[in-house]
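Right, one structure below, let's go through it.
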Amino acid sequence: MTTRRIVLTRSAAVMGAASTGLLLPHLARAQSDKVRVGFMLPYTGTFAQLGVAIENGFRMALNEQGGKLGGREIEFFKVDDESNPAKGIENATRLVQRDKVDVLIGTVHSGVQMGIHKVARDTGVLNLIPNAGVHIATRAQCAPNVFRTSFTNSQPTLALGKAMVANGHKKAVWITWNYAAGDEAFEGFEQSYTAAGGTIVKKLGLPFPNVEFQALLTEIASLKPDAVACFFAGGGAAKFMSDFAAAGLNKSIQLYGSGFLTEGVLEAAGPAANGVLTTMHYGDSLNTPRDKQFRLEYAKAFRLQPDVYAVQGYDTGLLLIKGANAVKGDLNNKKALYAAMEGATIDSPRGKWTMSKAHNPIQDIYMRKVENKENKVIGVAQKAVADSGAGCRMG
């Protein structure tokens, strides 16, 4: 069994310089008996459920290996990142400098991820990103020691445009919050929709996290598009779907979105979500033998149904296992470790995927339809979708 040590977020700070953004020393680790794995995830607040699902999935993958990495025992460390970007560098530094983790797993929030990213680039610690989709981490600031197992913000929408046009929806309005994730999701939509022959009638936005949608919904009604495409997540997504339906727009205008529109909010949205179409790299009804087995084992272990976040955590574990086994547990053999991870094919519940040269998944994106409070997979929107990796130059 693995040894577990909980490191509290609010314990005494060690590296005061970390929060000032000073450069950190590039670390050379002496191999100990145990692999030291640090979780920097949200365990309180809005994203707490996501952090728990990611950790559950990761631990499940390692438990399938007898709780070891490359034959070595594991010691776990945890920090609650609180989804607070202001604490990103400080908390990541705590795990790397004080707890001397060999690998840092994190995180969900893209703003916090940028703090982790700075520490990973400055110290050379292996960082596996199980969710945050911020583009720059695997584009202009890509790094040999940083790997993402989830998506970029534009990946789901890169598969959206062609499917919309194929469904006869050739005039669309785009709507999102005015923030980085919304802008990056729009990049994928604009590229795919216009390439397929669609016309974006208007791009609408409102400040994050404003959920006063009525004026924009009135404008959408006056524009009479074939469809609306959007990027929203969390409580704001549930309210947007509810307001869209309450305005009667769902009767004449098809609503599409990046999969986060309907992920984890179907109870809150209720009947308003019925019929909404989204693109995502996972869904509730893939019905493949691999996914069925994963869902069964996850439910047994945690008494919960897995979601996309659990799958991403699980795949993070699978990727690390591939690397650790290739170097027989010697994570200091970084050249061979990274080569093994770069060349890995991950046999995931979402379907097999590979790693791009920029260290981002190349993966199938599914079309999903909300039915009976499920994101039911109705087909593959696009196979082997890859982020551009624009500006990535591996050092």
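The values are calculated or read from the model by the stated rules, or taken from the named source; none is laboratory data. Every value quoted in this text rests on a predicted model; they were computed, and no experiment measured them. Neighbour counts run over all protein chains shown; Cβ positions are idealised from the backbone, glycine included. What goes into the accessible areas is simple: the full protein's heavy atoms, side chains included, and nothing from ligands, DNA or RNA. Shrake-Rupley method; radii C 1.70, N 1.55, O 1.52, S 1.80 Å.
Points worth noting:
- By a 1.4 Å probe calculation restricted to protein chains, residue 94 has an accessible surface near 10 Å², given to the nearest 10.
- Sum of side-chain charges, residue 345 neighbourhood, beta-carbon under 12 Å (Lys, Arg +1; Asp, Glu -1): -1
- C-alpha long axis of helix 308-326 to longest principal axis of the chain, angle in °: 40 degrees
- Using only alpha carbons, region 241-314 has a radius of gyration to Kirkwood radius ratio (Rg to Rh) of 1.06.
- In terms of its C-alpha gyration tensor, the chain comes out prolate, because a/c is 1.5 or above and the ratio a/b outweighs b/c.
- Region 50-164: mean projected area of Cα convex hull, nm²: 8.5 nm²
- C-alpha long axis of helix 214-223 to longest principal axis of the chain, angle in °: 60 degrees
- Taken per residue, the accessible surface of the chain reaches 40 Å², heavy atoms only and a 1.4 Å probe.
- The chain, accessible surface, carbon-and-sulfur percent (1.4 angstrom probe): 53 percent
- Seen against the Cα atoms of the chain and their longest principal axis, helix 48-63 is set at about 50 degrees.
- The chain - share of DSSP beta bridges that are antiparallel (%, nearest 5): 30 percent
- The chain: most fluctuating residue of 292, 300, 328 per GNM, C-alpha cutoff 10 Å: 300
- Restricted to Cα atoms, region 160-281 shows a radius of gyration and a Dmax of 12.9, 35 angstrom.
- Distance from region 109-155 to region 48-63 (C-alpha centre basis), Å: 19 Å
- Lys pairs, region 275-395 - Cα-Cα below 26 angstrom, 8 or more residues apart or on other chains: 28
- Based on DSSP H segments of at least four residues, each scored -39500 (n - 2.57), the chain has a per-residue ellipticity at 222 nm of -10000 deg cm²/dmol.
- Mean separation of Cα contacts under 8 Å, 6 or more apart, over the residue count of the chain: relative contact order %: 18 percent
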